[in-house]
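J.: Would you mind keeping the following structure in view while I ask a few things?
The values are calculated or read from the model by the stated rules, or taken from the named source; none is laboratory data. This structure is a prediction, so every number in the text was calculated from the model and none was measured. Glycine also receives a Cβ, built like all others from the backbone with ideal geometry; neighbour counts cover every protein chain displayed.
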Amino acid sequence: MDFRQLRYALSVARERSFTKAARRLNISQSAVSEQVKLLEQEIGFELFHRGSGGIETTDRGRTFLYESERVMSDLLTLSDTARRLRGALQDTLTIGMGSGMAQIFIPRLFADLKSNLPGVRLEIKTAPTSNIFNELHEERIDAGIAIESDPDRLPAGLVFDRLIDAEMALIAHPKHALARSKPPVDIGRLLAEPFIMSELTVGYGQVVLSLFTDLGIKPNILAVVDNIETIKIIVQSEGGIAIVPRACAENEVALGLLKALAIAPARNVAFSLFRRREPLSRRKEAALLKVRELLKA
């Protein structure tokens with residue numbers, strides 16, 4: 001048996017489907033089935049019942065896979081030990097986040113990084129929500145910060161832990177007529193305004209679009225871009241207005257580059273830390289736990 005066969009079998013157990021496991025592993029279903037079959041032949045018993053109702057783990061399979069998960073974690077930890085012994089003293093924890101989230105979370109992470117995460121090097125990747133989910137799925141990052149949206153849009157095999165809630169706000173150029181508004185801006189009265197939107201099917205873009213669809217109206221979408229930083233620059237250039245988490249625009253508002261206004265109906269979004277269900281090495285698990293504490297602070 002080898003590491004790959006155990007990974008495939010554990011993925012089938014979590015997804016309860018060879019098809020979903022193959023999709024999650026980004027390989028063919030036949031490759032998953034073949035490797036699991038070879039593993040079953042080697043250990044001498046079936047891991048799964050394959051019936052019309054789907055895939056179920058056998059009693060012996062459940063025990064074997066439980067121990068396999070523990071062994072895999074130990075192997076990852078052993079790999080860390082070998083890296084340290086050959087002089088690579090730092091573990092790298094790779095975290096993805098949307099560009100607009102940097103001003104919220106980066107100060108929390110780097111306030112005292114050496115003391116909070118000794119022996120760990122952080123690698124930060126900025127990407128749209130859909131890319132973060134793909135990077136997690138393909139095991140190119142260890143965790144990702146993204147905005148919760150429709151649970152049905154969350155890829156299989158990912159779990160999340162809520163960090164903070166944030167108010168959504170309308171951002172406009174300080175000279176825009178809306179910038180003088182005192183009461184919350186009524187979303188239903190903005191049909192003629194050109195909106196700059198983000199991804200419409202996931203993350204905060206899907207939350208913004210739902211503001212309009214809940215009212216039975218269609219926004220006047222001038223452009224769709226994949227990151228908040230570009231949205232803010234377009235609004236600063238008087239190219240349109242947008243709705244973003246207020247916390248993502250605090251720096252620009254403080255500098256007088258943007259005006260942030262409350263909206264009606266009010267809407268909050270939740271920033272969460274997403275990760276795969278599979279355990280990381282023990283050192284990485286400890287580092288990720290500390291990162292979560294820092295992000296919630």
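J.: Is it true that M97 is more than 28 Å from F18 (Cβ to Cβ) and modelled with pLDDT of 90 or more?
T.: Considered against the rule, which asks whether it is more than 28 Å from F18 (Cβ to Cβ) and modelled with pLDDT of 90 or more, M97 comes out as yes.
J.: Of the residues V208, V253, which single one is under 18 Å from M101 (Cα atoms) and buried (at least 20 other Cβ atoms within 10 Å of the Cβ)?
T.: Just a single option satisfies the conditions, and that option is V208.
J.: Mind listing whichever residues of the range 97-121 are buried (at least 18 other Cβ atoms within 10 Å of the Cβ) and free of Cβ contacts under 8 Å to residues at least 60 places away in the same chain?
T.: M97, A102
J.: To continue, here is another question. May I ask you to list the residues in the range 19-61 that are part of a strand (DSSP E or B), crowded, with 18+ Cβ neighbours inside 10 Å and not aromatic (F, W, Y)?
T.: If the condition is that a residue be part of a strand (DSSP E or B), crowded, with 18+ Cβ neighbours inside 10 Å and not aromatic (F, W, Y), then I55, T57 are the ones that fit.
J.: Mind telling me which of the residues H137, H173 ends up being closer than 19 Å to S198 by Cβ and either modelled with pLDDT of 90 or more or surrounded by fewer than 19 Cβ atoms within 10 Å (Cβ to Cβ) (or both)?
T.: Among H137, H173, only H173 is closer than 19 Å to S198 by Cβ and either modelled with pLDDT of 90 or more or surrounded by fewer than 19 Cβ atoms within 10 Å (Cβ to Cβ) (or both).
J.: Looking at this structure, is V244 surrounded by fewer than 21 Cβ atoms within 10 Å (Cβ to Cβ), out of contact with any Pro (no Cβ under 8 Å at 6 or more places or on another chain) and not assigned by TED's automatic domain parsing to the domain that holds I141?
T.: Against the criterion (surrounded by fewer than 21 Cβ atoms within 10 Å (Cβ to Cβ), out of contact with any Pro (no Cβ under 8 Å at 6 or more places or on another chain) and not assigned by TED's automatic domain parsing to the domain that holds I141), V244 does not qualify.
J.: Can you confirm whether the range 271-289 contains a residue that is over 28 Å from V120 (Cβ atoms) and not small (G, A, S)?
T.: No, because not a single residue in the range 271-289 is over 28 Å from V120 (Cβ atoms) and not small (G, A, S).
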